[in-house]
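**Student:** Following this message is one structure expressed as structure tokens.
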Amino acid sequence: MSSPTCSWHFYGDSTASDSLLAAMLGALRLGFTTKQWCIDGGPNFWNYEDRSMRCSRGHTMGAILRRPSHPWFTSQPCETIDLRFTRNPRAAILLVNYGLHANNATEYDSLLKRELEPFLEIYNSSRVLWRETTPQHFENPDGSGLYSSRQRSRACKPIFNVTLANWRNRYFEQWLQARTSKYYRGLRKVPLFQALISRHDLHHDGDCTHFLYSPFTWEYLWQGVAHSIGVSMT
């Protein structure tokens, strides 16, 4: 009997696909091999990585990967892992984020009600991990890095106003605390904002929202996920 496939799916806005791609490329660096693979996004997502196979119509961005033959991996229960950009209810873990397409509290509240509320009411929140919204690094006069107050410059700059830069994550905390339905119980949060706040150097070609892939940068996300699900990375 063959070993089962472990499924770890990602969903949300375009920055959620950055997390997915980081998982895909990170797995390859660990020695996983591809059974299926496709990327649906701009070149910013895979810059410096020769893995730009586009998804054909009807296929979702993601990969099915075989585990390496190293004893540490063969001792694990799953022979293959399924990483995908979708909200499949059969997934063991769903890593979700919405936020950067909302530029004020009214827009963000509407986005959460439209996208996250029905999502949590359909899917078991104990399997959903909420990933913090990541910082932007646009040059602007208030030092927040936010797209909404960006200047014409294509340079990505350091953040000086952290409080303003992090308004979405603070709003989400308040929004979640105000929800009393059982559907929101068990929702675990994965920190990432602080890990990326100083990484204005990891953007590309004037896009100061999405981050290029680096195994050392995205390690903070995997540490947060492992902690949230009670798994040790040592």
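**Student:** Of all residues in region 124-166, which are more than 18 Å from the chain's Cα centre (by Cα), open to solvent by less than 40 Å² (accessible area, probe 1.4 Å) and farther than 19 Å from Phe211 by Cβ?
**Tutor:** Across region 124-166, the qualifying residues are Gly143, Ser149.
**Student:** If Leu192 meets every condition in (1) in contact with a helix residue (DSSP H, G or I) (Cβ under 9 Å, 6 or more places away or on another chain); (2) touching a residue at least 12 places away in the same chain (Cβ under 8 Å); (3) open to solvent by 30 Å² or more (accessible area, probe 1.4 Å) apart from one, which number is that one?
**Tutor:** Condition (3) is where Leu192 drops out.
**Student:** What single numbered condition from (1) loosely packed, with under 13 Cβ neighbours inside 10 Å; (2) in contact (Cβ under 8 Å) with a residue 40 or more places away in the chain; (3) farther than 18 Å from Thr15 by Cα; (4) of a type outside the set (Lys, Arg) fails to hold for Ser198?
**Tutor:** Against the list (1) loosely packed, with under 13 Cβ neighbours inside 10 Å; (2) in contact (Cβ under 8 Å) with a residue 40 or more places away in the chain; (3) farther than 18 Å from Thr15 by Cα; (4) of a type outside the set (Lys, Arg), Ser198 comes up short only on (3).
**Student:** Mind checking which residues of region 185-217 are over 17 Å from Leu100 (Cβ atoms) and assigned to a helix (DSSP H, G or I)?
**Tutor:** Going residue by residue through region 185-217, those that are over 17 Å from Leu100 (Cβ atoms) are 185-188, 198, 201, 205, 213-217.
Passing the criteria: Asp201, Pro215, Phe216, Thr217.
**Student:** Return the residues of region 171-184 that are surrounded by fewer than 15 Cβ atoms within 10 Å (Cβ to Cβ) and in a loop (DSSP other than H, G, I, E, B); say none if nothing qualifies.
**Tutor:** Those that are surrounded by fewer than 15 Cβ atoms within 10 Å (Cβ to Cβ) and in a loop (DSSP other than H, G, I, E, B): Ala178, Thr180, Ser181.
**Student:** Looking at region 146-165, is at least one residue within 30 Å of Tyr123 (Cα to Cα), assigned to a loop (DSSP other than H, G, I, E, B) and either polar (S, T, N, Q) or free of Cβ contacts under 8 Å to residues at least 24 places away in the same chain (or both)?
**Tutor:** Scanning region 146-165 turns up no residue that is within 30 Å of Tyr123 (Cα to Cα), assigned to a loop (DSSP other than H, G, I, E, B) and either polar (S, T, N, Q) or free of Cβ contacts under 8 Å to residues at least 24 places away in the same chain (or both).
The values are calculated or read from the model by the stated rules, or taken from the named source; none is laboratory data. In this text the structure is predicted, and so the values were computed from the model without any measurement. All Cβ positions, even for glycine, are placed from backbone atoms using ideal geometry, and neighbour counts span all protein chains on display. The accessibility values were calculated without ligands, DNA or RNA, using every heavy atom of the protein model including side chains. Shrake-Rupley method; radii C 1.70, N 1.55, O 1.52, S 1.80 Å.
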